[in-house]
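What follows is a short report on a single structure.
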Amino acid sequence: MREIVLINITGEDRLGLTAAITGVLAQGGVTLLDISQAVIHGAVTLGILVEIADDAQASRVLKDVQSTAHELGQQVRFTPVSEADYLSWGADQAKMRYSVTLLARRITAEQLQRVSSITAQHGLNIEQIDRLSAPQLGVPGEQGNGCIEFSVLGEPQDAAALRAEFLGAAEALDADIAFQADSLYRRNRRLAVFDMDSTLIEAEVIDELAKAAGIGELVSAITERAMRGELDFRASFKERLALLKGLDVGVLDDIGASLRLTEGAERLFAELKRLGYKTAILSGGFTYFAKQLQAKLGIDYVFANELEVVDGKVTGVAVEPIVDAQRKADLLRELAHKEGLSLEQTVAVGDGANDLPMLAIAGLGVAFRAKPLVKQSAKQAISTLGLDGVLYLLGFRDRDGQR
């Protein structure tokens, strides 16, 4: 009668360990049903599920495995598995899988405990845990990039409640927690689009123009309310632009030179380009500044608003079509179609209420350092790390990066 046995081997990792153990199994003519191996700081855990033809053969094979393992300084354990349990396990493999991504400047045991506790409470079983970030020892806390990815199995009964718990835990623990389906599309996305102001750059350009015109506080207050979703973007944009009428165009170069890229932007775009992504700016800001970013970061497409100038002065008149919330979503659809991609293969990143429509239709929509309304409404949010934190949500490991 055939036997199904789970072989667990633990100990100090050694070169050739897997080859030695599987060599013994090969000589015994067993069938391999499953295998998993992990090494952490020189300690190895190797699990092999095998099917052996009969009891007599099983006794010989397992004795040889035990002898070989001991010669290599390993501990070994054998666990019989019933056919019913094996078939039940096989059925579980067809269940939906999700990725839970924990991001923080420093990963703590408390953060891990909260994430694992929440997943368990919602009936999700953790199958694998991986570190995506590079080792952090010696890195100043404010410069750290920490990321742990959980692969979980199951289907949450209330996905909205799960996301709400993750969001609450993230805020309490100074972390970000992303929850997304671990589907084929997750590692097969090829178009990433970005808002510009307060996303790619650490400023709202229209506010900077207003400062130069001497009306900075007035305009920035309107901008803040628009980004929180308290005002219609199109109407507020026209109102703010009208207040800039008469501004000398000579200030544009100085403002452009003073704009700072958001933390992680250069690394993110370098890696996206290396991975074959097309990138775009979809901005309610101005083309004049977006083109500067395009040249600096190697961005493929730019869609933003035109700043109309006559006789060296800003006219204060909005040039149609205005890139508002709906226009951003429409442009994302158009670019995906142009590149021959489904919306599931797209990434959208933004911080304001006018970004929500494009974040909603993208395969991965990320609210970056966003206002509360936007953070709660978006599929995913990053507030603790720089823009390059988006790479972790794509399953990117730091060791995969350019060297």
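Please go through region 208-227 and pick out each residue that is closer than 14 Å to Leu252 by Cβ and either in a loop (DSSP other than H, G, I, E, B) or open to solvent by 20 Å² or more (accessible area, probe 1.4 Å) (or both).
Within region 208-227, Glu208, Lys211, Ala212, Ala213 qualify.
In region 313-328, what residues are assigned to a helix (DSSP H, G or I) and more than 14 Å from Gly285 (Cα to Cα)?
Selection gives Gln326 alone.
State all residues of region 266-300 that are closer than 21 Å to Ile206 by Cα and within 23 Å of the chain's Cα centre (by Cα); if no residue qualifies, say none.
Within region 266-300, Ala280, Ile281, Leu282, Ser283, Leu293, Gln294 meet the criteria.
Kindly indicate whether Thr68 is farther than 30 Å from Ala170 by Cα, surrounded by 12 or more Cβ atoms within 10 Å (Cβ to Cβ) and either modelled with pLDDT of 95 or more or under 22 Å from the mean Cα position of the chain (by Cα) (or both).
So Thr68 fits the description; yes.
Out of the residues in region 272-311 that are assigned to a helix (DSSP H, G or I), open to solvent by 10 Å² or more (accessible area, probe 1.4 Å) and not basic (Lys, Arg), state the one that is nearest to Ala329 (Cα to Cα).
The qualifying residue nearest to Ala329 (Cα to Cα) is Thr287.
Have a look at Gly154, Gly123 and point out the one that is in contact with a Pro (Cβ under 8 Å, 6 or more places away or on another chain) and at positive phi.
Gly123
Considering only residues that are under 18 Å from Gly389 (Cβ atoms) and either surrounded by 21 or more Cβ atoms within 10 Å (Cβ to Cβ) or charged (D, E, K, R) (or both), which ones fall in region 164-180?
Residues satisfying the conditions are Phe166, Ala170, Glu171, Asp174, Ala175, Asp176, Ile177, Ala178, Phe179.
Please give the number of the condition Leu132 fails out of (1) under 16 Å from the mean Cα position of the chain (by Cα); (2) open to solvent by 40 Å² or more (accessible area, probe 1.4 Å); (3) of a type outside the set (Lys, Arg).
Evaluating Leu132 over (1) under 16 Å from the mean Cα position of the chain (by Cα); (2) open to solvent by 40 Å² or more (accessible area, probe 1.4 Å); (3) of a type outside the set (Lys, Arg) leaves (2) as the failure.
Is it the case that region 71-91 has a residue that's surrounded by 13 or more Cβ atoms within 10 Å (Cβ to Cβ) and touching a His at 6+ places or on another chain (Cβ under 9 Å)?
So far as region 71-91 goes, yes, one or more of its residues are surrounded by 13 or more Cβ atoms within 10 Å (Cβ to Cβ) and touching a His at 6+ places or on another chain (Cβ under 9 Å).
Identify all residues within region 245-270 that are among the polar types (S, T, N, Q) and farther than 14 Å from Leu297 by Cβ; write none if there are none.
Correct list: Ser258 only.
Sort out for me the helices (runs of 4 or more DSSP H) sitting completely within region 347-398 that have 1 or more residues that are touching a Cys at 6+ places or on another chain (Cβ under 7 Å).
Those helices (runs of 4 or more DSSP H) span 390-393.
With respect to Ala120, is the statement that it is open to solvent by 40 Å² or more (accessible area, probe 1.4 Å), out of contact with any Lys or Arg (no Cβ under 9 Å at 6 or more places or on another chain) and at pLDDT 95 or above true?
Considered against the rule, which asks whether it is open to solvent by 40 Å² or more (accessible area, probe 1.4 Å), out of contact with any Lys or Arg (no Cβ under 9 Å at 6 or more places or on another chain) and at pLDDT 95 or above, Ala120 comes out as yes.
So Gly389 passes all but one of these: (1) open to solvent by 20 Å² or more (accessible area, probe 1.4 Å); (2) in contact (Cβ under 8 Å) with a residue 24 or more places away in the chain; (3) not β-branched (Val, Ile, Thr). Which condition number does it fail?
So the condition that Gly389 fails would be (1).
Please find, within region 174-202, the residue that is nearest to Leu272 (Cα to Cα) out of those that are of a type in the set (Lys, Arg) and in contact with a strand residue (DSSP E or B) (Cβ under 8 Å, 6 or more places away or on another chain).
Arg190
For region 1-46, which residues satisfy the criterion of being out of contact with any strand residue (DSSP E or B) (no Cβ under 9 Å at 6 or more places or on another chain), closer than 28 Å to Leu87 by Cα, open to solvent by less than 50 Å² (accessible area, probe 1.4 Å) and of a type in the set (Gly, Ala, Ser)?
Gly23
Inside region 251-269, can you point out the residues that are part of a loop (DSSP other than H, G, I, E, B) and either open to solvent by less than 40 Å² (accessible area, probe 1.4 Å) or of a type in the set (Ser, Thr, Tyr) (or both)?
Once the filter is applied, which keeps residues that are part of a loop (DSSP other than H, G, I, E, B) and either open to solvent by less than 40 Å² (accessible area, probe 1.4 Å) or of a type in the set (Ser, Thr, Tyr) (or both), region 251-269 yields Leu259, Thr262, Gly264.
I need a count of the residues in region 228-250 that are under 37 Å from the mean Cα position of the chain (by Cα) and open to solvent by 30 Å² or more (accessible area, probe 1.4 Å).
9
Report yes if some residue within region 171-182 is of a type in the set (S, T, N, Q) and under 15 Å from the mean Cα position of the chain (by Cα); otherwise report no.
yes
The values are calculated or read from the model by the stated rules, or taken from the named source; none is laboratory data. None of the values given here were measured: they were computed from a predicted structure. Cβ: placed from backbone, ideal geometry, glycine included. Neighbour counts: every protein chain shown. Accessible surface is based on the protein model in full, side chains and every heavy atom, while ligands, DNA and RNA are left aside. Shrake-Rupley method; radii C 1.70, N 1.55, O 1.52, S 1.80 Å.
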